[in-house]
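Below is one structure, written out as structure tokens; the observations come after it.
The values are calculated or read from the model by the stated rules, or taken from the named source; none is laboratory data. It should be emphasised that the depicted structure is a prediction, and the values quoted were computed from it without experimental measurement. Quick reminder, even Gly has a Cβ in these numbers, built from the backbone with ideal geometry, and neighbours come from all protein chains shown.
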Amino acid sequence: MSSETHAWWKEAVIYQIYPRSFADSNGDGIGDLNGITAHLDYLAKLGIDVIWLSPIYESPNDDNGYDISDYRNIMAEFGTMEDFDRLLAEAHKRNIRIVMDLVVNHTSDEHPWFIESRKSKDNPYRDYYIWRDPTETGEAPNHWESCFSGSAWQYDDLTGQYYLHCFSRKQPDLNWENSKVREEVFDLMDWWCRKGIDGFRMDVISMISKDQSFPDGPLNADGYSDMFSHVCNGPRVHEYLQEMNRRVLSKYDLLTVGEAAGVTVEEAKKYANSDGTELGMVFHFEHTDGAANSDAVWGKWTCTPPKLSYVRKILNKWQLELEGKAWGSLYWDNHDQPRVVSRFGNDSPKWREKSAKMLATVLHLQKGTPYIYQGEEIGMTNRHFSSLADCVDIEEKNAWQQLVVEQKIMDGKVMLSCFDCVGRDNARTPMQWDDTANAGFTTGEPWLAVNPNYPVINVKAALADKQSVFYYYQRLIALRHTLPIVVYGRFKPLLEDSEEIYAYQRILGEQVLVVAANWTDKEVPCDLFVGDQDEELISNYDTHKAGFLQPYEARVVRKSR
């Protein structure tokens, strides 16, 4: 089966909702399911096809729902299962599908499985998780550093062993080597499929198979060793996903996308292979990862915007190397990434809308399935962190404690500047609906402060302005829905040495689309648009200057070969 086989999820546009921050229906300051249902008409107006819900399962919220204590119940703050059933039904009435976030690399330490597992070494659930003895000197089994700073191992006094947690200590990793664990996961997935959901976004799914020798490595300056090379794309990960596909995924018509930390193009061809034996597509992080930027201060923490040459090289590589072999996913930001217009564009009042539209053009005209993160479609921006008290995210708090307080590797002011640039709380500030108190997100006290720029940047204002970022996204989505070349056309890079312009072609049969975008606030020469036979499909400028692209100008033109 060719990767060019038509599929609804290749032609779809997905909208990610972070429920805690989307819309609060009951005034408790926390977004909820009924808040989402109340805004389905807004999403239908935008034109999206799918909602991806970040986790809504029962959780103690150590990591905002990515620590699950019951996979078959709804977090009380978000509502009830009846509320979910109504959301699903109302979305389907509007031809909007619902994709759930599947978090099965780990659970909460308050999940019944782990509560049993830690009771004794011979408990039937002991092997549901990864337990190891201390070293001869009583230390952790190795020096792996968790994703949220500190050791990836937590000592448990009750049985005198350590358990592995690649993230928070309250997120113990499941042991996928145990077939009973896989049975449990497949059963809960099937349960949700039978409810009528339309797919899964799979959290850190590339990490479910660990190197069973748990090897250590050279110590970094912070005293820890690399974990990722031993837990990402592990020895049995494709075996596990093929089993998942046989047991569950192949029985339903689903969108499946794997969050694949550490994934390479070669690995992606296996995860999202055109034979359809594993997943539909994966997320990679090469273009968003601050650590790949040579200007990073420490790890992911940086204050410097990525360079166009860096971003283009990565995106073009993925476009070219997946061609005909696997399907790709397209995104700029999500709940773990800063706001796109602040990270890759220019969020100043003068250029925010132009650069937001430019970045949207670059992404939505590429090959793959595009994802929009809530608020992206109105050009929401990063916020400013004046002190640690502004931060809620566990990653930010733990990084501060380790790098600023304990090890004194980073200055506090520099750390806050890094939070301004790449902190996860940037994406989690409440959705800005209007210019009333708390941006219309809640009548109560919001769980996380609203970005102070909400009186200017909000949905009400966007809907009232026909030139807004919202209507530009609406037009981009309509192009994908009406032009097969946008979905299935071959990608061909252009101007690969330019420091200012990102340009490419899409080619299908006798049709050619030319896409060019100026990434700077300066006018730059561009000779890609000449001749009277060109049909302009979309641009963020009403008028053009022959032989030039204006600041942050983007153009999409259709030509005949």
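As a summary of the residue check, S3 satisfies the conditions (1) modelled with pLDDT of 95 or more; (2) surrounded by 16 or more Cβ atoms within 10 Å (Cβ to Cβ); (3) in a loop (DSSP other than H, G, I, E, B) except for the one numbered (1). Only one of the listed residues (Y66, Y57, Y125, Y71) is crowded, with 17+ Cβ neighbours inside 10 Å and more than 22 Å from the chain's Cα centre (by Cα). That residue is Y125.
I'd like to verify a number: residues in the range 340-395 that are of a type in the set (G, A, S), under 21 Å from G47 (Cα atoms) and free of Cβ contacts under 8 Å to residues at least 60 places away in the same chain, how many?
First, pick out the residues of the range 340-395 that are of a type in the set (G, A, S): 342, 345, 348, 355-356, 360, 368, 375, 379, 386-387, 389.
Restricting the remaining residues to those that are under 21 Å from G47 (Cα atoms) gives 356, 360, 368, 375, 379.
Subsequent filtering for residues that are free of Cβ contacts under 8 Å to residues at least 60 places away in the same chain retains 375.
Qualifying residue count, the range 340-395: 1.
Inside the range 418-456, can you point out the residues that are within 16 Å of V392 (Cα to Cα) and not in a loop (DSSP other than H, G, I, E, B)?
Step one: of the range 418-456, the residues within 16 Å of V392 (Cα to Cα) are 418-430, 445-451.
If the condition is that a residue be within 16 Å of V392 (Cα to Cα) and not in a loop (DSSP other than H, G, I, E, B), then C418, F419, D420, C421, V422, D425, N426, A427, R428 are the ones that fit.
Considering only residues in the range 226-261 that are in contact with a Gly (Cβ under 7 Å, 6 or more places away or on another chain) and modelled with pLDDT under 95, the one that is farthest from L330 (Cα to Cα) turns out to be D226. For the range 364-395, a residue qualifies if it is hydrophobic (A, V, I, L, M, F, W, C) and under 29 Å from P493 (Cα atoms), and the qualifying residues are L365, I372, I378.
Among the residues making up the range 143-169, those that are crowded, with 22+ Cβ neighbours inside 10 Å, modelled with pLDDT of 95 or more and assigned to a loop (DSSP other than H, G, I, E, B) are A152, H165, C166, F167, S168. The residues in the range 190-231 that are over 30 Å from D253 (Cα atoms), assigned to a loop (DSSP other than H, G, I, E, B) and among the hydroxyl-bearing types (S, T, Y) can be counted, and the count is 2. The combined condition, being polar (S, T, N, Q), within 17 Å of T442 (Cβ to Cβ) and within 23 Å of the chain's Cα centre (by Cα), is fulfilled by S21. The residues on offer are G379, G368, and the sole one that is closer than 22 Å to Y471 by Cβ and touching a Lys or Arg at 6+ places or on another chain (Cβ under 9 Å) is G379.
The set of residues in the range 294-334 being surrounded by fewer than 19 Cβ atoms within 10 Å (Cβ to Cβ), closer than 20 Å to I409 by Cβ and touching a Phe, Trp or Tyr at 6+ places or on another chain (Cβ under 9 Å) consists of S294 alone. The set of residues in the range 512-535 that are assigned to a strand (DSSP E or B) and either in the same structural domain as R312 (by TED's automatic domain parsing) or modelled with pLDDT under 95 (or both) contains only E535.
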